[in-house]
Amino acid sequence: MKFVALIGLIDEADCIGTCIDYHLAIGFDHIVVTDIGSTDGSIEIVKDRIAATSRVSLLHAGLDLRSTNWPGRMLEFAVTELKPDYVAHIDPDEFWIPYGGTLASLRDPGQADVMSVRRYNAVQNVDEVVNGRQLDPARFREQIVYVERAPVDANSPIGTPIYSGAIGPKVMHRGVGAQLSLGHHSVASPQLKTQVVPEDLLILHFPISSYAKFEQKYRNAAATLAANPQMHPTAAWHWRRLAKAIEQGTLDEEYRHQLFNTEQIERLSTLGRVGPLEGVFARRA
């Protein structure tokens, strides 16, 4: 069975290399990256991977933020040129974790047209992100994540850990043309009729990096929102919230409240609000 991953990229130099290496290692046969305007060296990291393997492709480098149809073009390229059995839509700061360690270990994904894969936000220690994300695939299963989803939205007061709220799944679907939702949380096509939520596949998401990267990310998001006024006003609420924080000069305060020290994480664990990703697998087994 052939698996292809599609990654949209903008200014993720501290994680894109690890993301590509990891997903190739767990069994993705090919990774297609579309850059949409990176200026931080991300493209050079992707090109280094392309030089090392024929299993990575880079498309449309330097697309303008106003372009919103690049996911469809990337999917079309994958379907026509690579002919995959399944296509996964992955962000550079996400890592798909099969319970058995590889995609080959999944319980016959061929039974369904779409897999809706649950995501969990990492609880990140303030000491571990000051110089950017510290990503060690050997420790992904030990990573503390939010297991109790808090009621968080765009109107929650400043000081709320916004990443403690529920986050939408991501999809892996059969290799056919399809209409993707914003964020790739769902997919629609007359050819995609059956869907499962796999018990043996989860996504670990690292939403926070250094403050400089955090600010850069949400300035990019604000520019995307401004360039695309047709987007539904309830879409990408966390983008809108943090874009507003940039306008109001409160982004640094928002950032501080997304990180925890070791003592705070231990307290949250005692309350059952957070726990290791391995434990999420155990509860769902």
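The values are calculated or read from the model by the stated rules, or taken from the named source; none is laboratory data. Keep in mind that this is a model prediction, so the values were computed, not measured. Ideal geometry is used to build each Cβ from the backbone, glycine not excepted, and the neighbour counts take in all protein chains shown. Surface areas here come from the heavy atoms of the whole protein model, side chains and all, with no ligands, DNA or RNA. Shrake-Rupley method; radii C 1.70, N 1.55, O 1.52, S 1.80 Å.
If you check Val87, Val33, which single one turns out to be in contact (Cβ under 8 Å) with a residue 40 or more places away in the chain and aliphatic (A, V, I, L, M)?
Details: Val33 fails: in contact (Cβ under 8 Å) with a residue 40 or more places away in the chain.
None of the other options fit; the residue is Val87.
The rows are residues; the columns are (1) charged (D, E, K, R); (2) assigned to a strand (DSSP E or B); (3) at positive phi; (4) modelled with pLDDT under 90.
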| position | (1), (2), (3), (4) |
| --- | --- |
| Ala223 | no, no, no, yes |
| Pro229 | no, no, no, yes |
| Thr234 | no, no, no, yes |
| Arg240 | yes, no, no, yes |
| Lys244 | yes, no, no, yes |
| Glu247 | yes, no, no, no |
| Glu254 | yes, no, no, no |
| Gly279 | no, no, no, no |
| Ala282 | no, no, no, yes |
| query | Just wondering, is there one or more residues in the range 186-208 that are under 23 Å from Met74 (Cβ atoms) and assigned to a helix (DSSP H, G or I)? | reply | no
| query | Of the numbered conditions (1) surrounded by 14 or more Cβ atoms within 10 Å (Cβ to Cβ); (2) modelled with pLDDT under 95, Glu94 satisfies every one except a single condition; which is it? | reply | (2)
| note | Result of the Cβ filter at 8 Å on the range 54-76, keeping first residues that are loosely packed, with under 14 Cβ neighbours inside 10 Å and partners that are at pLDDT 80 or above and assigned to a strand (DSSP E or B), at least 6 apart or interchain, is Gly62/Asp35
| Candidates Ala235, Ala212, Ala223, Ala227, filtered to the one that is touching a Lys or Arg at 6+ places or on another chain (Cβ under 7 Å) and surrounded by fewer than 19 Cβ atoms within 10 Å (Cβ to Cβ) | Ala227
| field | Criterion violated by Gly275 - all others in (1) touching a Lys or Arg at 6+ places or on another chain (Cβ under 8 Å); (2) modelled with pLDDT of 90 or more; (3) not aliphatic (A, V, I, L, M) satisfied | value | (1)
| note | Per the filter on the range 188-209, residues surrounded by 15 or more Cβ atoms within 10 Å (Cβ to Cβ) and closer than 23 Å to Tyr22 by Cβ are Pro198, Asp200, Leu201, Leu202, Ile203, Leu204, His205, Phe206, Pro207, Ile208, Ser209
| field | Index of the failed condition, Arg139 passing every other in (1) assigned to a loop (DSSP other than H, G, I, E, B); (2) open to solvent by 30 Å² or more (accessible area, probe 1.4 Å); (3) among the basic types (Lys, Arg) | value | (1)
